[in-house]
Amino acid sequence: MHSEINLNAVCIQPVGTPLSLQHNVQVEVLRLDLLHPVISGNKWFKLRYYLEDAQKNHHSRLLTFGGAYSNHIVASAYAAKLYQFQITGVIRGEEPVTWSHTLREAKALGMQLHFLSRSKYNLYKRNADTVLIKDKFGKGYIIPEGGIGPQGVKGIADWLRTLPLSKYTVLATAVGTGTTLAGLVEAANVNQQVIGFSAMKNNYALSGEIETLLNRSLPGAVSLIHDYHFGGYAKFDARLISWMNEFYATTQLPLDFVYTGKMMFGIFDLIAKGFFAKGSKILAIHTGGLQGNASLPPGTLTI
Ligand SMILES: *Cc1c(COP(=O)(O)O)cnc(C)c1O
């Protein structure tokens, strides 16, 4: 199970449905989920420059932050193993009675886990570079929560620039911290519509945070959509699940319920509402995260 990252496994897959055909909108999916079974999707690209930097500066331990269901936590745990670092994961919230699949996997990969109450977590996360954290957890190279930061943006943008993005009129991604969206904005040309689907409820601070990451204001062709959170981060309802199952039956494309399922639901809902001009060519980034589906009750998804 200790496999390398396989950039050659990534492909672009058309996912036509009767609805998209009827509206004369083409949808293709960049399958970053195929990179690796554990370090899936965008997480690898966000991590890679941090890992190189840590190596260059001769660190032996990494330290990072995330929630109990964080794909970033598992991806970092695996990447640390691959690059022969030790790694500490600071987890948001008190230790749960039953550990999530994510936490069990991170621990099995050798990550040392520390649980912090939400208030302490937020304090430490914000002061990640300070003495505070070094006192508490010892020396280590800090990778910010979710890989947010200029290195994360550069990791995404540099790789996206190697792809034929310019043949699409619309580029779409799911959004957590906004690091991936920022990388997409950097790689896109000015005429391309760039759409981010927020996985969180009413996270209106996002656009400002993305502007901070980019160090400029968001171009007019970029929009953040807040209408498809389904109750909030990692929340879902029967409508989302049955849509995802139906989508899988039609396209054979597996989605996760936290990010890519909501993005894809949003894209097809917007197609149905006539949001995209006829003839639009959409590239949707499959940012991975399929491991998160393991936290659903068995049988919920038929993928
Ligand atoms: C982490 C994650 C995202 C969010 O990426 P950001 O760069 O934090 O916005 C989107 N999709 C999946 C599957 C993820 O795991």
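Read the figures in this text as sums done on the coordinates, not as results from a lab. Quick caveat, the model's predicted, so the values are computed rather than measured. For neighbour counting, all protein chains shown are included, and Cβ atoms are generated from backbone atoms with ideal geometry for every residue, glycine included.
What angle, in degrees between 0 and 90 and rounded to the nearest 10, separates the Cα long axis of helix 71-82 from the longest principal axis of the Cα atoms of the chain? Computed tilt is about 60 degrees.
Straight-line cross-link partners of Lys107 among the lysines, defined as a Cα under 17 Å from its Cα and at least 8 positions apart when in the same chain: Lys81. Put simply, the amide H of Ala221, placed in the peptide plane, has no neighbours under 5 Å, leaving out anything fewer than 5 places away on its chain. For the stretch 198-303, lysine pairs separated by 8 or more sequence positions, or belonging to different chains, with Cα-Cα distances below 19 Å total 5. Against the main long axis of the alpha-carbon atoms of the chain, helix 150-160 sits at an angle near 40°. Shown in residue order for the stretch 268-276 are the 3J(HN,Hα) couplings computed by the Karplus curve 6.51 cos²θ - 1.76 cosθ + 1.60 at θ = phi - 60°: 6, 5, 5, 4, 4, 7, x, 5, 9 Hz (x for Gly and Pro).
Within a straight-line Cα-Cα reach of under 18 Å, Lys46 can be paired with the following aspartates and glutamates, leaving aside sequence neighbours fewer than 8 residues apart in one chain: Glu4, Asp33, Glu145, Asp158, Glu186, Glu209, Glu211.
Taking the Cα centre of the stretch 1-135 as origin and assigning +1 to Lys and Arg Cβ atoms and -1 to Asp and Glu Cβ atoms, the resulting dipole is close to 320 debye.
Can you compute the charge dipole magnitude of the chain about its Cα centre, using +1 on each Lys and Arg Cβ and -1 on each Asp and Glu Cβ, nothing else charged? Give it in debye, rounded to the nearest 20.
On the way: 28 positive and 20 negative charges, 80 e Å.
It comes to approximately 380 debye.
Taking the longest Cα principal axis of the chain as reference, the axis of helix 42-56 is set at about 30 degrees. Placing unit charges on the Cβ atoms only, positive for Lys and Arg and negative for Asp and Glu, gives the stretch 196-303 a dipole magnitude near 200 debye about its Cα centre.
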